[in-house]
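J.: Shown below is the structure under consideration.
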Amino acid sequence: MIEQDIAKVLVTREELEECVVRLGNQLSKEYKDKNPLVVGVLRGSVMFMTDLVRHMPIPMEIDFIDVSSYYEGTESSGHVKIIKDLDTSVEGRHLILIEDIVDTGRTLLKLKELFEYRKAESIAVVTILDKPERRVVDLKADYVGLEVPNEFVVGYGLDYAQKYRNLPYIGVLKESVYQREILD
Ligand code: 5GP
């Protein structure tokens, strides 16, 4: 069972739910007459996004984009390749970009630049987790669930080697999991 690999729980299921309700209420007020296009950045944001939109009883559309960030060591380099683009035109639309976590901020900065270039009317960044200590570019999320310390976290959409996305809470992995990976 995947729970056995977790050293500690950082954010409980209940805390996540509270954040989702709070952000859903805020966004519903802000966007009630704007028919926003809610854009999920695959794959990490899926759990959060599907929970969030169910707390936003307003007219909206949803779409997804899949990007791969190139890493230099453990940090994204700022080079972003589009794996799957949106199916919807963003021109003149109010975009709500949904992320799982903002780390260096490079991926979201690139996406914002892309959607500005494509003439979105407005762009708001919503993230369930934020690691502000790690930021290397000038990118501020407009709506944040919770700030977390500079630790590698998994669960609620966030993976390690594509696993643990289905944990219903946010946790930190045991050191032995990384050792196992090296031995494999
Ligand atoms: P950035 O461009 O902000 O450095 O990269 C953000 C992306 O890096 C996130 O969408 C996420 O996929 C990945 N990431 C950053 N920090 C973590 C973390 O603590 N855990 C996991 N699983 N992924 C992370």
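The values are calculated or read from the model by the stated rules, or taken from the named source; none is laboratory data. Nothing here was measured: the structure is a model prediction, and the numbers come from that model. Neighbour counts are summed over all protein chains in view; Cβ atoms, including those assigned to glycine, are modelled from backbone coordinates with ideal geometry. Ligands, DNA and RNA are stripped out before the accessible areas are found, and what is left, the full protein with its side chains, is counted by its heavy atoms. Shrake-Rupley method; radii C 1.70, N 1.55, O 1.52, S 1.80 Å.
J.: Over segment 1-48, one equal point on each Cα, no solvent: what is log10 I(q)/I(0) by the Debye formula at q = 0.14 Å⁻¹?
T.: -0.54
J.: Still on this model: Before anything else, pin down the relative contact order of segment 44-184: Cα pairs under 8 Å, at least 6 apart, normalised by residue count, whole percent. Display every interim value, and only then the final one.
T.: On the way: 219 pairs, mean separation 27.5, N = 141.
Computed over segment 44-184, the figure is 19 percent.
J.: Determine the distance separating the Cα centre of segment 154-171 from the Cα centre of segment 28-94; give it in Å without decimals.
T.: 19
J.: Suppose a student asked you for the relative contact order of segment 132-171, using Cα pairs under 8 Å spaced at least 6 residues apart; what percent would you report? Can you show the working numbers first?
T.: On the way: 33 pairs, mean separation 11.9, N = 40.
Relative contact order here is 30 percent.
J.: Further question: Across the chain, where is the longest run that never hits GluC sites (Glu not before Pro) in a DSSP loop with at most 15 other C-beta atoms within 10 Å?
T.: Working: sites that count: E91, E121, E151.
Counting at most 15 other Cβ atoms within 10 Å as exposed, the longest clean stretch of the chain is 1-90.
J.: Rank L173, G155, F48 by how far each Cα sits towards the positive end of the charge dipole of the chain (+1 on Lys, Arg Cβ; -1 on Asp, Glu Cβ) and give me just the farthest.
T.: F48
J.: When DSSP assigns beta bridges and you keep just the ones with both residues in the chain, what percent turn out antiparallel, to the nearest 5?
T.: 40
J.: Could you work out which residue, out of I101, I58, I82, moves most in a Gaussian network model of the chain, that is, has the largest mean-square fluctuation with Cα springs under 10 Å?
T.: Greatest mean-square fluctuation among the candidates belongs to I82.
J.: Could you tell me which of S122, I2, L27 has its Cα farthest along the dipole of the chain towards the positive end, charges placed at Cβ (Lys, Arg +1; Asp, Glu -1), taken about the Cα centre?
T.: Of the candidates, S122 comes out farthest on the positive side.
J.: Can I ask one more? Quick check for me: using +1 on Lys/Arg Cβ and -1 on Asp/Glu Cβ, what's the dipole size of the chain about its Cα centre, in debye to the nearest 20? Please list the in-between numbers first.
T.: Numbers: 24 positive and 33 negative charges, 47 e Å.
Magnitude of the dipole: close to 220 debye.
J.: Rounded to the nearest whole Å², what accessible area per residue is found for segment 50-174 with the 1.4 Å probe?
T.: Result: 49 Å² per residue.
J.: I've got another one for you. Would you kindly calculate the translational diffusion coefficient of segment 1-142, applying Stokes-Einstein with the Kirkwood radius from alpha carbon pairs, for 25 °C and a viscosity of 0.890 mPa s, and quote it in µm² s⁻¹ without decimals? Walk me through the intermediate numbers first.
T.: On the way: Rh = 16.0 Å.
It diffuses with D of about 154 µm²/s by this estimate.
J.: Arrange the residues I83, I123 by how much accessible surface each exposes, largest first, with a 1.4 angstrom probe.
T.: I83, I123
J.: Of all the accessible heavy-atom surface of segment 1-77, with the other protein chains kept in place and a 1.4 Å probe, what percent is carbon and sulfur?
T.: Carbon and sulfur together cover 51 percent of it.
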